[in-house]
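Student: Could you have a look at this structure, given as structure tokens, before my questions?
The values are calculated or read from the model by the stated rules, or taken from the named source; none is laboratory data. Nothing here was measured: the structure is a model prediction, and the numbers come from that model. Cβ atoms come from the backbone with ideal geometry, glycine included; neighbour counts cover every protein chain shown.
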Amino acid sequence: MVGNGCTSAPDSCLDPNFRPACDAHDACYSKDSTTDRFDCDNQFWSNLLDACAEAYPVWVDPRRVSCDETTSVYCGFVRGAGWRIYEGQGNPL
């Protein structure tokens, strides 16, 4: 599996660039990965939150709050539907 960004979701949320997080998540889901799917998804969420924090360092900034909320949507989707595309050798749950 080659990293293709955030597939059908936007690669950015205003200023933050989510593409690196999405590409890393794609690699974690690849057939060569030995990482459990749950751990891939947790790292994905952490990477998305880091992108928000980098773009908006003040955590009470309304744009940061909105960005952080957007990460929940991305992660909710991959937790709910990611089992269909996970090819790794770890636990698929």
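Student: Can you find, within segment 63-93, the residue that is nearest to residue 30 (Cα to Cα) among those that are among the small types (Gly, Ala, Ser) and not in a helix (DSSP H, G or I)?
Tutor: For segment 63-93, the residue satisfying everything is 88.
This table checks each residue for (1) touching a helix residue (DSSP H, G or I) at 6+ places or on another chain (Cβ under 8 Å); (2) loosely packed, with under 14 Cβ neighbours inside 10 Å; (3) among the hydrophobic types (A, V, I, L, M, F, W, C).
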position	(1), (2), (3)
17	yes, no, no
21	yes, no, yes
58	yes, yes, yes
62	no, yes, no
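Student: Among the candidates 72, 66, which residue alone is loosely packed, with under 14 Cβ neighbours inside 10 Å, closer than 30 Å to residue 32 by Cα and of a type in the set (Ser, Thr, Tyr)?
Tutor: When all the criteria are applied, what remains is 72.
Student: I've got another one for you. Suppose we filter segment 27-46 for residues that are crowded, with 18+ Cβ neighbours inside 10 Å and assigned to a helix (DSSP H, G or I); how many remain?
Tutor: So the count comes out to 6.
Student: Taking the stated definitions as given, is residue 51 surrounded by 17 or more Cβ atoms within 10 Å (Cβ to Cβ), in contact (Cβ under 8 Å) with a residue 12 or more places away in the chain and either more than 14 Å from the chain's Cα centre (by Cα) or at positive phi (or both)?
Tutor: For residue 51, the condition - surrounded by 17 or more Cβ atoms within 10 Å (Cβ to Cβ), in contact (Cβ under 8 Å) with a residue 12 or more places away in the chain and either more than 14 Å from the chain's Cα centre (by Cα) or at positive phi (or both) - is not met.
Student: While we're here: Of all residues in segment 1-31 being touching an Asp or Glu at 6+ places or on another chain (Cβ under 9 Å) and modelled with pLDDT under 70, which is nearest to residue 85 (Cα to Cα)?
Tutor: 1
Student: Can you tell me how many residues within segment 81-93 are at pLDDT below 95 and out of contact with any Phe, Trp or Tyr (no Cβ under 9 Å at 6 or more places or on another chain)?
Tutor: 3
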